[in-house]
Amino acid sequence: SLIPEWISWHASLIGEYRIRRFTFQWTTGSSAVLALCIVAAALLWPSLLGMMPQSQDHPMHLTRLWHFINNNLFHFQLSGWTDLWFAGWPSGEDYPPGADMWSATHYLVTFGLLGWEATYGLAFTAMYAGVATGIYTLGKTYFGRLTGFAAGLFFLLDRGHYREGGWNYTVYWGVWPQVLCTGFTCFAFAALDNVIKKGRPRDFALCATLT
């Protein structure tokens, strides 16, 4: 009877160790994501108060959001010709449409109660925090949590320059649709790890969806 008790005791220790390890890993990962979101919110705090960035391309993105909701979605289409600007332009086809869909999702989820500018500010802040989280996830998957967190933090604090990304190009100039795409790409490459190692149908589906 001593041997079964010894095996049972060791099994309980192993189970407790696994639970504690999982809890520690989950808490550590969640804390890193939360910290990055707090930094993003601190950097863009006016946007959370309903004051969207208004420099350079931001008013154009706001107009595209309004047009996407009131014209494209109103006619049950994601793209189409419009006479709103110039002699007309192919809405949703001349510029990465992901930003329009991203902002529109926030507008629809909040039922439009925040108004146009506040919704855009929220969507922009969520984009910035989301991309930092994507970079963290990619770094964590292949190089460890510390590396992932440092990379996400460097992304948020990068001063950047015109046509070189960072705060200058993304926030001041308002050129952020491709940055949003980069965030999803980082998540996709992180999901690719499970595709290679496990190859389950859900792993393929997740990676394909993020791509």
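Numbers for the structure displayed
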read-out	value
Residues of the chain: accessible area per residue with a 1.4 Å probe, Å²	60 Å²
Reduced Cα scattering model of the chain, Debye log10 I(q)/I(0), q = 0.12 Å⁻¹	-0.73
Whole-Å distance, taken between Cα centres, linking the stretch 151-166 and the stretch 79-108	26 Å
Mean ellipticity per residue at 222 nm, deg cm²/dmol - from DSSP H runs of n ≥ 4 across the chain, formula -39500 (n - 2.57)	-22500 deg cm²/dmol
Exposed-loop-free span, longest in the chain, where GluC sites (Glu not before Pro) count as exposed if DSSP calls them loop and at most 14 other C-beta atoms lie within 10 Å	1-92
Gyration tensor (alpha-carbon) shape descriptor, the stretch 132-211, a/c threshold 1.5	oblate
Estimated vicinal HN-Hα couplings, Hz - the stretch 177-188 in sequence order (Karplus 6.51, -1.76, 1.60; Gly, Pro = x)	x, 6, 5, 4, 4, 4, x, 5, 5, 4, 4, 5
The stretch 100-176: C-alpha gyration tensor shape, a/c 1.5 cut-off, then a/b vs b/c	oblate
For the stretch 77-199, size of Cβ-based charge dipole, Lys and Arg +1, Asp and Glu -1, in debye	680 debye
Net charge of Cβ neighbours under 13 Å - reference residue 207; Lys, Arg +1; Asp, Glu -1	+2
Farthest toward positive dipole pole in the chain [+1 Lys/Arg, -1 Asp/Glu at C-beta], among 30, 60, 80	30
Chain lengthening between residue 164 and residue 105 when straightened (0.36 nm per residue, less Cα-Cα)	18.5 nm
Size of electric dipole in the stretch 145-211: Cβ of Lys, Arg +1 and of Asp, Glu -1, about Cα centre, debye, nearest 20	240 debye
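The values are calculated or read from the model by the stated rules, or taken from the named source; none is laboratory data. Please read these numbers as outputs of a predicted model, since none were measured by experiment. A quick note on method: Cβ atoms are made from the backbone with ideal geometry, for glycine too, and the neighbour counts reach across all protein chains shown. Surface areas here come from the heavy atoms of the whole protein model, side chains and all, with no ligands, DNA or RNA. Shrake-Rupley method; radii C 1.70, N 1.55, O 1.52, S 1.80 Å.
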